[in-house]
1. Would you mind finding the one in Lys330, Lys268, Lys314 that is open to solvent by 20 Å² or more (accessible area, probe 1.4 Å) and modelled with pLDDT under 95?
2. Output the number of residues of the stretch 20-40 satisfying the condition of being in a loop (DSSP other than H, G, I, E, B), within 16 Å of the ligand (Cβ to nearest atom) and not acidic (Asp, Glu).
3. Note down all Cβ pairs under 9 Å where the first residue falls in the stretch 145-156 and is over 12 Å from Gly225 (Cα atoms), the second is part of a helix (DSSP H, G or I) and β-branched (Val, Ile, Thr), and they're at least six residues apart or on different chains.
4. From the list Val136, Val95, which residue is farther than 20 Å from Ala169 by Cβ, away from the ligand (no atom under 14 Å from the Cβ) and of a type outside the set (Asp, Glu)?
5. Looking at Ala177, Ala187, Ala201, which one is buried (at least 21 other Cβ atoms within 10 Å of the Cβ) and in a helix (DSSP H, G or I)?
6. For the stretch 312-332, check the following and say yes or no: at least one residue is touching a helix residue (DSSP H, G or I) at 6+ places or on another chain (Cβ under 9 Å) and on the phi > 0 side of the Ramachandran plot.
7. Give Ile129, Ile142 a once-over and let me know the one that is at pLDDT 95 or above and within 13 Å of the ligand (Cβ to nearest atom).
Amino acid sequence: MIPQYTRFHKNFEKIFQEIKEDTKNEYSWGEVADYIPSLGKADPKWFASAFCSADGQFSQLGDFDGKFSMQSVSKVVAYAYVYNLYVKKGRGDDVHKYVGEEPSGVVFNAPVFDKLGRPHNPMVNAGAIMVSTLLVNEGKTIEDFQHFYMKACNAKRADIDLPLYKEEALTGCTNHALRSLMLSKGAYPQKETFEATKKLADDGLDWYFVQCSMLVDVGGMARFGAMLANNGINPSTGERVVEPETVKATVTLMQTCGMYNGAGKFTKDHGVPTKSGVSGGLMTVIPGIGAFATWSPPLNEEGNCVRGIGMIEKMSNIYNNINLFHKDQKKRDMTRRAYQTLLMTVIVACTSAASGDLETISRLHV
Ligand code: DON
């Protein structure tokens, strides 16, 4: 729970406005992706951001009514879905018989595989195509996937942008090549005949194109992230969506692989699990606290949303809870009331003085 949420909302709004107005021209750059032609029609000025706490406290700003295709952020949803199905069968990590758990260190759609012939991780295209195929192999349908997403974030709809899907299925030659390479490496679950395995691989690729074309908004994405931040329970319904084991696997892979060949620098600079999408979506999960979701089409070299990274960066300048690897005591703790830290320090100082505990007193920060 974020105490004094109004104060948090005001800071969130102030940061959003600063990036929108961008008087220092720090965030008005980047390329709108156009290798999928329809994506190239996006307005680079579109900008929306949302936050949802692990308790369901919620804010959304800017073009939050805007619907956009989920693209690679859908890889987090698909991985959580399939891993949880395997967990329910008592073997979550069997997913990783077919896809690795290590960063690939190269661009998101590179035709590279690990020493076992597997795609490196579920966040790159090859790995995500494999994950979609495992969902088909589990007998799941796209409707099941849409319902899984809607259950997690109370979205009333999760429509598929059919023209975009058809366009991507037609022009997604690199993804078709990744499917064929994985077939040639025998990476897929093997069926009785090659024809049957190839059919499974084709259906899996088709599923991948559909999931990337699922239309979402920043509110839904922030709520999905908040479900993960709340250890797999939907903050507003109290319903369990995924097991804690699934949360651990999903959020960790977001940290290590979510920002592709920019994951290392992003972790050093911002230290928070984040997943980007080529339509300009960005979802950030702060375990135990909440999630941010931003949408703005201009992308940096690694294909990650420029304004979305800006939101994380500037919010981290205020709060010391976003970067999981560095807790700057001089910054605010969003889980504490303004005076709480000082009050706690005074109380500890008094009790330590009363018991002559000089060592604790010497460690206190005011
Ligand atoms: O398969 C593709 O190339 C797109 N549907 C998704 C790629 C994507 O979102 C990369 N993320 N930054």
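The values are calculated or read from the model by the stated rules, or taken from the named source; none is laboratory data. All values reported here derive from a predicted model rather than from experimental measurement. Please note: Cβ atoms are built from the backbone with ideal geometry, for glycine as well, and neighbour counts cover all protein chains shown. Areas reflect the complete protein model, heavy atoms only, side chains present, ligands, DNA and RNA absent. Shrake-Rupley method; radii C 1.70, N 1.55, O 1.52, S 1.80 Å.
1. Sole residue among the options that is open to solvent by 20 Å² or more (accessible area, probe 1.4 Å) and modelled with pLDDT under 95: Lys330.
2. The total comes to 5.
3. Sorted first by the residue in the stretch 145-156, then by its partner, the pairs are Phe145/Val77; Phe145/Val210; Phe148/Val77.
4. Val95
5. Details: Ala177 fails: buried (at least 21 other Cβ atoms within 10 Å of the Cβ); Ala187 fails: in a helix (DSSP H, G or I).
Matching residue, one of Ala177, Ala187, Ala201: Ala201.
6. no
7. Working: Ile142 fails: within 13 Å of the ligand (Cβ to nearest atom).
Just one listed residue meets the conditions, Ile129.
So that you can scan it fast, the table gives a plain yes or no per residue for (1) at pLDDT 95 or above; (2) part of a loop (DSSP other than H, G, I, E, B); (3) closer than 22 Å to Lys265 by Cα:
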| residue | (1), (2), (3) |
| --- | --- |
| Leu61 | yes, no, no |
| Val73 | yes, no, yes |
| Val76 | yes, no, yes |
| Tyr81 | yes, no, no |
| Val87 | yes, no, no |
| Val99 | yes, yes, no |
| Ala110 | yes, yes, yes |
